Amino acid sequence: GQAGAGKWGHETDINSCSIGIELDNNGIEDFTVPQISSLITVLEMLKNKFRIPQENIIGHGDIAPGRKVDPNWRFPWKLLADHGFGEWYDDTSRVVVPTGFNEYQALREIGYNLKDTMAVVNAFRRHWLQDTVYRPLDRVSDKILYNLAEKYQ
């Protein structure tokens, strides 16, 4: 299958309920304007035809953290979210993360499989912070994570 072993939310058989779209990229280069324009056209058609919820448009690295890293950290997730494909976080300057906030529970609420928490943190940071190297979650990422988890509830 196209997705291989992966999990998102409560769905464990990703191959039976997903459509994989591959963009030619060596993993470190920027995506081109024609690639992203074509992707938006294809996503619009698929989202309408199959009634795909905005939050269900995710990356290979999100459903199989540790095993997959695509699309790379340069992928324009915010641009796609602005067009209705995938979620993005709001301005977090006024977000107050509550005492006792459980980062891992929030990652699970978004949809991540916590089998390998280090890989999940890496996938989260690559997707939403456009990070290229592993770093633990921190005050900045917690605000983003808290904001996103509220959207996925």
Next item on the list: Output the qualifying pairs, or none if there are none: Cβ atoms under 8 angstrom, residues six or more apart or on different chains, first residue in region 96-115 and among the aromatic types (Phe, Trp, Tyr), second residue assigned to a loop (DSSP other than H, G, I, E, B).
Entry: TYR104/LEU114
Item checked: Residue count, region 50-87 (criterion: open to solvent by less than 30 Å² (accessible area, probe 1.4 Å), aromatic (Phe, Trp, Tyr) and part of a loop (DSSP other than H, G, I, E, B)) -> 2
Notebook entry, point to check: Restricting attention to region 29-49, which residues are assigned to a loop (DSSP other than H, G, I, E, B) and in contact with a Phe, Trp or Tyr (Cβ under 9 Å, 6 or more places away or on another chain)?
Noted result: PHE31
Notebook entry, point to check: Where in region 103-153 are there helices (runs of 4 or more DSSP H), lying wholly inside it, with at least 3 residues that are under 15 Å from the mean Cα position of the chain (by Cα) and among the hydroxyl-bearing types (Ser, Thr, Tyr)?
Noted result: 139-152
Item checked: Number of the exception - ASP91 against (1) modelled with pLDDT under 95; (2) more than 18 Å from GLY9 (Cβ to Cβ); (3) not polar (S, T, N, Q) -> (1)
Check: Can you pull out the residues in region 119-153 that are out of contact with any helix residue (DSSP H, G or I) (no Cβ under 7 Å at 6 or more places or on another chain) and either among the polar types (S, T, N, Q) or on the phi > 0 side of the Ramachandran plot (or both)?
Finding: ASN122, GLN130, THR132, ASN147
Note to self: Suppose we filter PRO136, PRO98 for residues that are at pLDDT 95 or above and open to solvent by 20 Å² or more (accessible area, probe 1.4 Å); which single one remains?
What the structure shows: PRO98
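The values are calculated or read from the model by the stated rules, or taken from the named source; none is laboratory data. None of these values were measured; they are calculated from a predicted model. Positions of Cβ are generated from backbone atoms using ideal geometry, with glycine treated the same way; all protein chains shown enter the neighbour counts. Remember, those area values only see protein heavy atoms, side chains included, never the ligands or the DNA or RNA. Shrake-Rupley method; radii C 1.70, N 1.55, O 1.52, S 1.80 Å.
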